[in-house]
Amino acid sequence: MATIIDVANAVVTQLNSGAFSQLFTAQRLYRPQFDLSEMKTLHVTVVPKALAINSLSRGSDSHEYQIDVAVQKKFETESSEELDPLVGLVEEIADHFRTPRLASLPSALCVKVENKPIYAQEHFDEMRQFTSIITLTFRVAR
């Protein structure tokens, strides 16, 4: 199996074994798109995103794998009371990966966590849906 899939699966395992303020079951997909009617339930989706290879020496390379974690939920009122917990969950997930190594794939070192923008404005405006993407970068020396 491709290493990026191994990394993505390890991220799913780590998310599903973590303790967060909201209950969810993360899943790995290639496209985190759902019918709007399904979005009243919180969705956390892990998506393989990118690979960059850098030479370290003649015999070894550093592979950096980017994995996106999407947090999505349709909202009703657009109130702080409804949206603040979702922003908080995104931050919890980002903080969770500050621990550099994945438990089920210790060769993968988390070197960067990004969340920008905090939410997708177009989903907010057009679908009344909160969507936030966290991009995790893992380095694997091979």
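Rule-based calculations on the coordinates, nothing more; no lab input. Since we're looking at a predicted model, the values are computed, not measured. Neighbour counts run over all protein chains shown; Cβ positions are idealised from the backbone, glycine included.
Quick rundown of the values:
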| item | result |
| --- | --- |
| Spin-label pair THR99/GLU78, simplified geometry with 7 Å Cα→Cβ offset, distance in nm | 3.9 |
| Prolate/oblate/rounded label for region 1-40 (Cα gyration tensor, a/c 1.5) | oblate |
| Within region 1-123: Cβ-based charge dipole about Cα centre, in debye rounded to nearest 20 (Lys, Arg +1; Asp, Glu -1) | 580 |
| Length-normalised contact order for the chain - Cα pairs under 8 Å, 6+ apart - percent | 26 |
| Neighbour-limited loop hits for GluC sites (Glu not before Pro), region 41-111 (at most 10 other Cβ within 10 Å; DSSP other than H, G, I, E, B) | GLU76, GLU78 |
| Positive-end extreme of charge dipole, the chain - chosen from ALA94, SER80, LEU36 (charges on Cβ) | ALA94 |
| Cross-link partners of LYS40 among aspartates and glutamates (Cα-Cα below 17 Å; sequence separation of 8 or more within a chain) | GLU76, GLU78, GLU81, GLU82, ASP84, ASP125, GLU126 |
| Using alpha-carbon coordinates, inclination of helix 3-17 to the longest axis of the chain, degrees | 50 |
| Helix-derived mean residue ellipticity, 222 nm - over the chain, DSSP H n ≥ 4, -39500 (n - 2.57), to 500 | -8500 deg cm²/dmol |
| Long-range amide H partners of ASP61 with built H, under 5 Å | LEU56, ARG142 |
| Between helix 80-96 and the chain: long-axis angle, C-alpha atoms, 0 to 90°, nearest 10 | 10 |
